[in-house]
Amino acid sequence: MKVAVLPGDGIGPEVTREAVRVIEALDLGISLQEAPVGGAAYKAHGHPLPSATLDIARDSDGILFGAVGDPDCDALERHLRPEQAILGLRKELTLFANLRPAKVFKGLEDHSALRPEVASAIDLLIVRELNGDVYFGEKGFRTAPDGSREGYDIMSYSESEVRRIAHVAFRAAQGRGKRLCSVDKANVLETSQLWRDVVIETAADYPDVTLTHMYVDNAAMQLVRNPGQFDVVVTGNLFGDILSDQASMCVGSIGMLASASLGERQTAHGTFGLYEPIHGSAPDIAGKGFANPMATILSAAMLLRHSLGKSAEADRIETAVGKALEDGVLGRDLGGSAGTTEIGDAVLERL
Ligand code: NAD
Ligand code: IPM
Ligand code: MN
């Protein structure tokens, strides 16, 4: 079993270190290969996703990814910016299905931005499309009709892109509460009208799943009004990006939400994928030692489950995180005082 470890920038290396300690403690004979990515790779090799890094990623059974993003690089041409590394990996490796589960751990109800009785009902999965939408359309700058500057990014989805993510979402719903809510903006956008039509067509294959539709503005509101109503949510790249950050605060903190990005490629042990916390490189707290590594540790659990066929070990990691939280091991993001390594230690002890 080969895992590529791409720590990246800012708090990326800090949180990845703790997840690696957890993987190593399980002693599963996994070979870990680290490679530079993001701003760190740009500074060392002149490119945010060096071909050697991409090769290591492609050659692995799964990728553990920290975060990319560096304020020093914000003025670079877009293709050289750190963020292009994660976009490039998702696109090059056809990782089109991003699973972002959000569940309130016992003991965290009082740390949500929502009232405890509202927060405690949250157990949802956001299935975010990752290879299309406004992220990957034609973009650029041009002159507007009035002579002023104009920026543009084309939003589009092909039928096949929608259909393949819809299948993933319906299958995920079958394995959970059998309810799927498709989130779009079909009242305004043609991209969303096609999305909705194709999701409805795909539903014919899944008669046991109840499908509903919601406009994204309402979904943002419902997510804080009554998040317990959602089981699986399927949505496009941009809406899914925004709604998942919002969902993270509903369960307590952005430092808690893990993710898996999957495609269709199978490995010897499961499905090839990339695993990362949903948060970024957090330059405001980088190097201070109090980034919460739980989202990355939980991402490592998803890696074991989906790519390495180690479900029991994945369960063990999630249980250990849950126990640490129940015992009051909380990072500053959750109103506690535990530092990054302290949280890692606490999870390891309970493992
Ligand atoms: P961010 O997620 O990095 O940080 C947002 C806020 O949440 C900050 O106040 C930060 O301190 C806090 N935070 C994030 N993770 C935390 C953790 N584990 N523990 C405690 N607090 C945490 O978002 P941003 O500030 O908008 O972006 C910073 C950089 O990260 C940008 O360059 C952005 O492009 C990049 N980014 C990368 C990824 C990725 O690599 N997948 C994801 C999001 C943002
Ligand atoms: C995420 C991030 C990325 C995204 C950025 C860094 C490209 O926000 O993984 O959620 O928008 O997908
Ligand atoms: Mn995001």
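The values are calculated or read from the model by the stated rules, or taken from the named source; none is laboratory data. Small disclaimer: the values here were computed from a predicted structure and weren't measured. So basically every Cβ, Gly included, is an ideal-geometry build from the backbone, and we count neighbours across all protein chains shown.
Odds and ends about this structure:
- Unique residue being out of contact with any strand residue (DSSP E or B) (no Cβ under 6 Å at 6 or more places or on another chain), of a type in the set (Lys, Arg), modelled with pLDDT of 95 or more and under 24 Å from Leu95 (Cβ atoms) when the list is Arg163, Arg225, Arg128: Arg163
- Selected residue (only one of Ile297, Ile285 is β-branched (Val, Ile, Thr), touching a residue at least 40 places away in the same chain (Cβ under 8 Å) and buried (at least 24 other Cβ atoms within 10 Å of the Cβ)): Ile297
- Looking only at the range 93-131, residues that are β-branched (Val, Ile, Thr), over 30 Å from Asp55 (Cα atoms) and assigned to a loop (DSSP other than H, G, I, E, B) come to 2 in all.
- Residues satisfying the stated conditions in the range 37-72, i.e. closer than 18 Å to Ile278 by Cα and among the hydrophobic types (A, V, I, L, M, F, W, C): Val37, Ile63, Leu64, Phe65, Ala67, Val68
- Within the range 213-239, the set of residues being in contact (Cβ under 8 Å) with a residue 40 or more places away in the chain and of a type in the set (A, V, I, L, M) comprises Val224, Val232, Val233, Val234, Leu238.
- Qualifying residue in the range 44-67 (condition: touching an Asp or Glu at 6+ places or on another chain (Cβ under 6 Å), of a type outside the set (D, E, K, R) and modelled with pLDDT of 95 or more): yes
- Taking first residues from the range 185-212 that are surrounded by fewer than 13 Cβ atoms within 10 Å (Cβ to Cβ) and partners that are assigned to a loop (DSSP other than H, G, I, E, B), the Cβ contacts under 7 Å between residues at least 6 apart in sequence or on separate chains come to Asp208/Lys178.
- Residue match in the range 64-73 (condition: away from ligand 3 (no atom under 16 Å from the Cβ), loosely packed, with under 15 Cβ neighbours inside 10 Å, under 22 Å from Leu308 (Cβ atoms) and of a type in the set (A, V, I, L, M, F, W, C)): no
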